[in-house]
Amino acid sequence: RPSDYKSQERAGGRARRGRSPCWVWGGGAAGARRPELALPWADPFGGRAAPAAGPGPAGRHSMLPRHVQRLGRDWITHWNGSQILALNSPVSSCVRWAGHYPPWASFPLPISADFSANWRFPPFFGPWRQFQNSNWHLDNYTQSCCFHLPNPSMKSEGEEPLTKKRRLSGQDDTSTPEQQTNLSNQKEVSSLSVAQNEEKHGCKKGTIKRHWEYFCQQSKTMKIAKNKGSDQSSTGSEATFDFTVMSYNILSQNLLEDNSHLYKHCRQRLLFWTYRFPNILQEIKELDADVLCLQEVQEDHYRTEIKSSLESLGYHCEYKMRTGRKPDGCAICFKTSKFSLISSNPVEFFRRDIPLLDRDNVGLVLLLQPRFHCKANAAICIANTHLLYNPRRGDIKLTQLAMLLAEIASVAPQKDGSFCPIIICGDFNSVPGSPLYRFIKEGKLNYEGLAIGKVSGQEQFPRGQRILSIPIWPKKLGISQNCVYEIKQQKKEENAGEKLESAKPDNTQEIVIAPEKLSSKLRHHFKLSSVYSHYFPETGIPEVTTCHSRSAVTVDYIFYSAANDDTADQPGGEDSSCGGLKLLGRLALVTEKDLWTVNGLPNENNSSDHLPLLAEFRLIER
């Protein structure tokens with residue numbers, strides 16, 4: 001009624017502004033409506049005389065069934081000389097009051113929401129235990145008036161956000177709406193609070209099961225022997241050296257706090273660095289990789305905790321901080337018992353004199369020497385980077401990648417002109433099958449007519465429609481379309497003269513010619529393969545390396561220069577190394593659906609929004 005609506009609008013202003021509603025019980029037969037009354041069933045007759053009692057609908061207030069119907073089937077209201085409001089679902093399915101509602105409604109409509117995030121008990125309810133164990137008998141109500149909250153459990157883990165539910169149900173679930181509703185109700189009834197679950201099972205919730213995938217029986221045998229304490233041994237005429245590499249974006253605390261909207265599904269205590277770092281360190285200990293490539297390593301945490309903790313585990317650490325205001329960077333750490341450092345080469349993608357390169361991302365390239373079962377001049381090049389996130393700036397992403405490849409090309413050459421084995425790890429902010437991904441794997445990319453928003457494939461409907469310019473980066477950057485340093489090669493020519501020019505391999509001769517052409521073709525001279533296949537072969541479901549409230553995709557990779565007998569030849573690989581790396585095994589990834597069974601990332605046991613990637617390699621020299 002208009003009069004009731006105006007009265008409620010004045011009295012219930014707090015509820016309309018999104019604050020906790022004022023829950024008041026009053027009215028009764030006397031019809032004395034309190035000014036702050038916000039619930040319609042407090043006075044169902046609006047001050048009028050109560051109708052004659054009767055069993056049928058005529059004995060009820062005319063508006064009550066319509067509102068009750070909109071409250072959902074878990075709410076039961078009944079009027080029979082008394083008022084009973086019972087909530088038969090767990091508190092986790094409780095309600096919050098919307099800040100706006102249709103004009104026909106005389107009170108804010110309750111809508112379903114997560115208890116831990118959107119609901120507060122009114123102050124007058126007092127302590128929870130006291131309220132849980134008591135019935136409320138009010139003077140202006142009959143003695144049967146009560147407010148029941150039978151199940152105090154809260155569902156803070158194990159349920160994904162509504163957007164994820166809709167997306168997953170649209171992709172993988174073919175059940176009917178009725179079945180989905182029943183399943184949802186069963187989940188709500190069976191869910192326990194974290195405290196109750198830990199008390200019941202005696203363990204933390206949120207464990208992701210990942211298994212090790214072997215690619216040859218010899219690898220499995222070697223790993224068992226290694227666990228028993230035996231040394232590696234060479235086989236046949238080949239000198240072998242086995243080692244493991246991990247790539248892990250550990251989620252900078254500063255970036256987490258700046259992008260808190262991505263972690264609304266997480267409990268607050270799980271997002272504190274004091275909780276997260278012990279979990280991350282425990283993961284590193286358990287996986288026990290020989291080389292760590294870490295991204296989003298916050299500088300103050302690295303200086304005070306991370307470096308010293310990893311050094312105590314036998315690692316030597318190299319770190320490159322971003323050049324802008326964001327205090328994180330990339331680190332490469334290796335076990336001194338397995339490798340010695342030949343050189344450390346940081347890469348800054350920011351160039352003050354080039355407008356295109358105005359971002360502060362960085363990379364790091366190390367040249368390592370294995371300590372046993374290898375030739376004296378054997379080396380492995382390890383690169384780590386975190387490319388720009390912005391999905392609409394594919395031009396910057398490709399330029400940053402070219403700069404990293406150019407640095408690798410200047411570090412990895414051996415005396416015979418070939419490249420030593422190469423491993424490139426990092427968060428590339430690009431999905432499998434995207435043009436940037438194909439360029440890394442295939443060694444070539446024709447970007448003519450390619451929109452900058454399609455380079456990384458992060459958006460299904462890219463917003464960046466501008467076409468990539470030819471060339472993408474200016475000549476003064478000093479990097480050719482073959483992703484090598486142009487200026488260094490020209491200086492070598494000037495100093496060495498004709499003798500050096502006649503001794504150069506074919507790829508160096510092409511470098512001199514490339515800048516003279518306005519070619520839309522990028523190329524690099526490494527034969528690179530991906531450790532992961534990105535899709536499960538049995539189902540075709542995508543693997544996932546990162547998961548938060550907005551997306552769950554693969555953006556993290558480990559690329560490596562494969563030995564000739566490890567994979568089929570790839571375009572652009574004819575100038576690759578004479579030896580190479582053989583992939584022995586990897587730590588399996590999971591699906592998005594698997595991750596949401598443990599409430600996504602971060603969770604109780606996995607304290608980053610990325611999963612660690614881990615692979616085992618064998619260095620092959622002939």
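Brief remarks on what is shown
- Taking segment 269-278 as the range and being open to solvent by 10 Å² or more (accessible area, probe 1.4 Å) and touching a helix residue (DSSP H, G or I) at 6+ places or on another chain (Cβ under 9 Å) as the test, the residues that pass are Arg269, Leu271, Phe272, Trp273, Tyr275, Phe277.
Residue-wise test of (1) part of a helix (DSSP H, G or I); (2) open to solvent by less than 50 Å² (accessible area, probe 1.4 Å).
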| residue | (1), (2) |
| --- | --- |
| Leu367 | no, yes |
| Gly426 | no, yes |
| Leu436 | yes, yes |
| Gln460 | no, no |
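- Restricting segment 233-261 to residues that are at pLDDT below 95 and not small (Gly, Ala, Ser), the residue that is surrounded by the most Cβ atoms within 10 Å (Cβ to Cβ): Phe241
- Residues satisfying the stated conditions in segment 597-619, i.e. open to solvent by less than 10 Å² (accessible area, probe 1.4 Å), touching a Lys or Arg at 6+ places or on another chain (Cβ under 6 Å) and not in a loop (DSSP other than H, G, I, E, B): Ala615
- Scanning segment 380-403 for residues that are hydrophobic (A, V, I, L, M, F, W, C), open to solvent by less than 10 Å² (accessible area, probe 1.4 Å) and either more than 24 Å from Asp290 (Cβ to Cβ) or at pLDDT below 95 (or both) yields Leu387, Ile396, Leu398, Leu401, Ala402, Met403.
- Taking residues in segment 548-559 that are farther than 18 Å from Ile423 by Cα, and partners anywhere that are among the small types (Gly, Ala, Ser) and open to solvent by less than 10 Å² (accessible area, probe 1.4 Å), the pairs with Cβ atoms closer than 8 Å and at least 6 places apart or on different chains are His548/Gly600; Ser549/Gly600; Ala552/Gly600.
- Residue check, Phe372 more than 30 Å from Ser312 (Cβ to Cβ) and open to solvent by 60 Å² or more (accessible area, probe 1.4 Å): no
- Scanning segment 518-558 for residues that are assigned to a strand (DSSP E or B), open to solvent by 10 Å² or more (accessible area, probe 1.4 Å) and closer than 25 Å to Glu407 by Cβ yields Lys521, Arg523, Ser530.
- Some residue of segment 489-504 being at pLDDT below 55 and part of a loop (DSSP other than H, G, I, E, B): yes
- Odd one out for Lys444 among (1) under 14 Å from Leu401 (Cα atoms); (2) out of contact with any Asp or Glu (no Cβ under 6 Å at 6 or more places or on another chain); (3) surrounded by 20 or more Cβ atoms within 10 Å (Cβ to Cβ); (4) not polar (S, T, N, Q): (3)
- Contact annotation: residue pairs with Cβ atoms under 9 Å, 6 or more positions apart or on different chains, pairing a residue in segment 409-423 that is basic (Lys, Arg) with a partner that is loosely packed, with under 14 Cβ neighbours inside 10 Å, are Lys415/Asn377.
- Qualifying residues in segment 404-424 (those that are touching a helix residue (DSSP H, G or I) at 6+ places or on another chain (Cβ under 8 Å) and open to solvent by less than 10 Å² (accessible area, probe 1.4 Å)) - the one nearest to Asp556 (Cα to Cα): Ile424
- Contacts under 7 angstrom Cβ, first residue in segment 293-315 being of a type outside the set (Asp, Glu), partner open to solvent by 60 Å² or more (accessible area, probe 1.4 Å), 6 or more apart: Leu313/Lys285; Gly314/Thr336; Gly314/Ser337
The values are calculated or read from the model by the stated rules, or taken from the named source; none is laboratory data. Note that the structure is predicted; figures quoted are calculated from it, not measured. All Cβ positions, glycine included, derive from the backbone under ideal geometry; neighbour counts span all protein chains shown. Calculation scope for accessible area: heavy atoms of the full protein, side chains included, ligands and nucleic acids excluded. Shrake-Rupley method; radii C 1.70, N 1.55, O 1.52, S 1.80 Å.
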